[in-house]
Amino acid sequence: MKFIVSSSELLKQLQLLSGVINSNNTLPILDNFLFDLQDSELTITASDLETTVSSKITVNSESNGKICVPAKLLTDTIKTFPEQPLTIRTKEEENLFEIVSEQGNYSFGLERGDEFPMAPELESPSTVKLQGNVLAEAIGKTLFATGNDELRPVMTGVFFQLGTDKCIFVATDAHKLVKYTRDDIKADETAEFIMPKKPLNLIKNILGNKDTEITIEYNEVNAKFIFEGTTLVCRLIDGKYPNYEAVIPKENPNTLTINRSAFLSSIKRVSIFSNKTTYQIKLKLAGNQLQLSAEDIDFSNKADERLTCDYNGGDLMIGFNSKFLSEMLSNLNSEDITLEMSEPNRAGIIKPTDGVEEGEEVLMLVMPVMLNA
């Protein structure tokens with residue numbers, strides 16, 4: 001095997017694929033990249049058995065071959081080079097992989113390519129097509145709200161609810177919930193599956209803001225994402241997603257409309273003085289005044305702030321976890337938001353009032369923290 005490739009182009013692909021590789025793999029072969037060269041097309045693959053990502057790049061070559069190369073050693077070496085053409089070749093008889101650069105020669109051991117585990121083929125998959133920027137936005141809006149409790153694996157991923165009239169993406173950890181809806185995207189047939197966090201992060205990083213078309217194939221066990229020379233196959237989270245609609249309160253007569261960045265800044269300041277176990281922040285609403293307060297009795301820390309707002313509803317005092325509020329407001333792009341509430345013991349609903357594309361709807365739910373007597 002021999003080929004010539006741009007050092008920056010190779011590094012870009014290696015860094016994107018490195019996110020798949022675990023630091024402590026059960027199979028030593030998974031510490032490697034699989035290089036599959038077919039004439040001028042090089043396919044690089046990385047896997048952790050649950051998720052497999054392959055990316056194609058064009059190289060200058062007329063040879064074929066399949067080898068496994070130590071991932072960390074290769075990436076660490078390539079990242080030190082300035083932009084230049086690199087000649088990469090194998091010495092099969094010595095079981096060596098060699099890089100020839102303007103600076104010198106570097107060689108290390110390789111493994112046989114046929115020992116690398118291949119991604120599963122999807123049997124009888126269903127298909128839906130999405131725009132890359134739409135999927136990246138859906139991932140960005142929901143991923144932060146997923147849980148980390150391994151005893152409830154279904155809540156550690158994002159719920160894809162693909163319908164013939166709209167597509168919905170949901171994430172929750174039981175304290176906060178995000179429902180991202182696109183009624184300008186439709187699937188050929190309805191389907192529901194739960195995507196793990198790791199492959200979603202990889203897709204988001206690879207996509208960036210590219211407005212490229214993505215084909216998603218899926219069955220009950222696996223999902224496959226295909227776009228611009230990249231293929232990602234991952235195992236879906238097994239289980240039934242909780243009935244999230246049941247926890248979204250429908251009647252919320254108390255509505256606060258406020259500037260998002262001013263509200264966020266105020267929360268961040270006041271929360272510095274909150275209890276470091278509950279992160280509780282109190283919102284007191286009356287007329288056109290919002291009072292934010294926090295207190296940590298153990299250290300005699302206390303803060304109060306007032307903001308002018310547009311409020312419709314009765315006088316209300318409600319407590320929230322300031323970290324959850326900050327996360328939600330930070331993941332919105334709008335200038336103003338509404339916070340809809342009913343009772344101090346019922347969830348609050350956050351919605352952007354502007355900055356939303358046509359066909360896009362964002363709903364964020366945050367559970368209250370019980371106020372101290």
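Laboratory data are not the source of any read-out in this text; all were calculated from the coordinates shown. Just so you know, these numbers come straight off a predicted model, no measurement behind them. Virtual Cβ from ideal backbone geometry, glycine too; neighbours counted across all protein chains shown.
So the values come out like this:
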| quantity | calculated |
| --- | --- |
| Highest to lowest packing among 226-235, 248-257, 297-306, scored as the average C-beta count within 10 Å | 226-235, 248-257, 297-306 |
| Structure-based [θ]222 nm, the chain - -39500 (n - 2.57) summed over DSSP H runs of at least 4, per residue, nearest 500 | -5000 deg cm²/dmol |
| Residue with peak Gaussian network fluctuation, the chain [Cα springs, cutoff 10 Å], from Ala46, Ala223, Ala286 | Ala286 |
| Alpha-carbon centroids, the range 299-373 and the range 1-67: separation in whole Å | 45 Å |
| The range 164-258 - Debye-derived log10 I(q)/I(0), Cα point model, q = 0.19, 0.20, 0.25 Å⁻¹ | -1.14, -1.24, -1.62 |
| Most positive-pole-ward Cα, Pro199, Leu110, Ile44, against dipole of the chain from beta carbon charges | Pro199 |
| In order through the range 318-330: 3J(HN,Hα) via Karplus (6.51 cos²θ - 1.76 cosθ + 1.60), integer Hz, x for Gly, Pro | 9, x, 9, 6, 5, 5, 5, 4, 4, 4, 5, 5, 5 |
| Directionally averaged projected area (convex hull, Cα atoms, the chain), nm² | 22.5 nm² |
| Alpha-carbon radius of gyration plus Dmax, which is the widest Cα pair, for the range 333-373 in Å | 12.8, 45 |
| The range 44-181 shape via C-alpha gyration tensor axes, a/c threshold 1.5 | prolate |
| Estimated inter-spin distance, Val221 and Thr26, nm [label 7 Å along Cα→Cβ] | 1.6 nm |
| Amide H partners (placed H, <5 Å) of Asn275, local residues excluded | Gln280, Glu295 |
| HN-Hα J in Hz across the range 210-222 - Karplus 6.51, -1.76, 1.60, θ = phi - 60°, x for Gly and Pro | 5, 8, 9, 7, 10, 9, 10, 10, 8, 9, 6, 10, 10 |
| Phi-based couplings in Hz for the range 178-184 (Karplus 6.51, -1.76, 1.60; Gly and Pro marked x) | 10, 10, 10, 10, 10, 8, 9 |
| Pairs of alpha carbons in the range 77-116 whose separation is greater than 16 Å (percent) | 41 percent |
| Positive minus negative residues near Glu357 (Lys, Arg vs Asp, Glu; Cβ under 10 Å) | -4 |
| Over 18 Å (Cα to Cα) - which of Lys129/Lys204; Lys176/Lys284; Lys282/Lys351 fall in this group | Lys176/Lys284; Lys282/Lys351 |
| Dipole magnitude of the chain, debye to nearest 20 (Cβ charges: Lys/Arg +1, Asp/Glu -1, about Cα centre) | 1180 debye |
| Lysines whose Cα lies under 24 Å from that of Lys91, excluding same-chain neighbours fewer than 8 positions away | Lys2, Lys56, Lys66, Lys72, Lys79 |
